[in-house]
1. Residues with amide H under 5 Å of V314's amide H, sequence separation 5 or more or different chain, H placed in the peptide plane at 1.01 Å from N; which?
2. If you scale each eigenvalue of the Cα gyration tensor by 5 and take the root, what three semi-axes come out for region 66-117, rounded to whole angstrom and sorted largest first?
3. For region 1-85, state which GluC sites (Glu not before Pro) are in a DSSP loop and have at most 13 other beta carbons lying within 10 Å of their beta carbon.
4. Could you give the distance between the Cα centres of region 11-41 and region 302-343, to the whole Å?
5. Using θ = phi - 60° and the Karplus form 6.51 cos²θ - 1.76 cosθ + 1.60, what ³J(HN,Hα) does each residue of region 11-20 get, whole Hz, x for Gly and Pro?
6. If you take the charge dipole of the chain about its Cα centre, with +1 on Lys and Arg Cβ and -1 on Asp and Glu Cβ, which of V292, C9, I152 is farthest toward its positive end?
7. For region 275-342, what Kirkwood radius comes out of the mean inverse Cα-Cα distance, in Å?
8. Can you compute the helix-only [θ] at 222 nm over the chain? Use -39500 (n - 2.57) per DSSP H run of at least 4 residues, normalise by all residues, nearest 500 deg cm²/dmol.
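We did not get these values from a lab; they are worked out from the coordinates using the rules stated. Quick caveat: nothing in here was measured; it's all calculated off a predicted structure. Cβ coordinates were reconstructed from backbone atoms using ideal geometry, including for glycine residues, and neighbour counts include every protein chain displayed.
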Amino acid sequence: MKIVPVVLCGGSGTRLWPRSRKTKPKPFLPLIGERTMFEATLGRCGDSEQFAPPVIVTGTAHLEHVEEQAKESPGATVIVEPEAKNTAAAIALAARRLPEESVMLVCPSDHHIADEPAFRAAAAAAARLAAQDWLVAFGITATAPETGYGYIKRGEALEGGYRVERFVEKPDLATAQAFLADGGYSWNGGIFAFRAGQFLDELKRHRPALWQAACQAVVNGSQDGNRFHPDADAFAAIEPESVDYAVMEETDRAAMVPASMGWSDIGSWAALRDATDRNHDGNSVRGRAELVDCAGVFVDTDGPRVSVIGLEDVAIVVDGDEVLVTTMQGAQKVGKLAGAAKQ
């Protein structure tokens, strides 16, 4: 049975402002290479021997971008959420519309994965466990003591993976350093595999109201070509919650497959710099720029020439008439800027 990619496509676009905007957030931008993040996600799941056509879950605000960029994915269907209700509801809509035996591979649309063969191998291992009614997370190999990611503690071995001993919230630096030294912890990258019927059973057990509202939204929904519109009134009753809280941290069937595949969520300008090709000084440039005596500097300009002298660990981004200059440490606060909030 082929794996069904379920691609979650949304976001407000504030963390990579000014390049990313609410009207065209990160998934729809070619931040690494020529393909957009969304196109790259679809491309990773494009092998018709392994994957079925994708199911894309998005909102009306991004529908035009989704349909324009999914043209190279024949058979793709789009579930158009009436409003954003977080990942548990989005996955429930897709699961309810699939046959119960379908194995879903839930993928965020805005992550970078450098090693696509490793991704496909991990997807195959996860699908085998999901077919045995495990709810499977990708455990991304931790390469640094990151405090911005959740972690997964590996438990007893399974065929092709491990039971999850526990999920851990984003840690402080000392805890993250201990996790890295321990070797038994992985990053939780937000990529999951489930059998559709098993996911709905677990959701019904742990979040019955959410399950009922999502199922009702599908039953009362309407089809429009390759678009499916869930019933807005039923969907409105859902309390937003992530799949991590609603299901993965509740179930006793949580498993993980290790994945070392050059993964990044591209959650800041620092993360984007680190995922791009850099010179011997760690600098990364897109557009017209000249750097002298710089290290770890990221420049992305869509027009004006940028000249930088003697700086380290700084991002400079020019998008039209908007200019951002930030230290890499400060890049996590970009979304708090008034300009990013207005977009």
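1. Under 5 Å from the amide H of V314 lie the amide H atoms of V297, F298, M328, each far enough along the sequence or on another chain.
2. On the way: eigenvalues 79, 47, 41 Å².
The three semi-axes for region 66-117 are 20, 15, 14 Å.
3. Of the GluC sites (Glu not before Pro), the ones in loops of region 1-85 whose Cβ has at most 13 other Cβ atoms within 10 Å are E34, E49, E72, E83.
4. 16
5. Computed from phi, the couplings for region 11-20 are x, 9, x, 7, 6, 10, 5, x, 5, 8 Hz.
6. Going by the Cα projections, it comes out as C9.
7. Details: mean 1/r = 0.0806 Å⁻¹.
Averaging 1/r across every pair of different Cα atoms and inverting gives 12.4 Å.
8. One gets -7500 deg cm²/dmol as the mean residue ellipticity at 222 nm.
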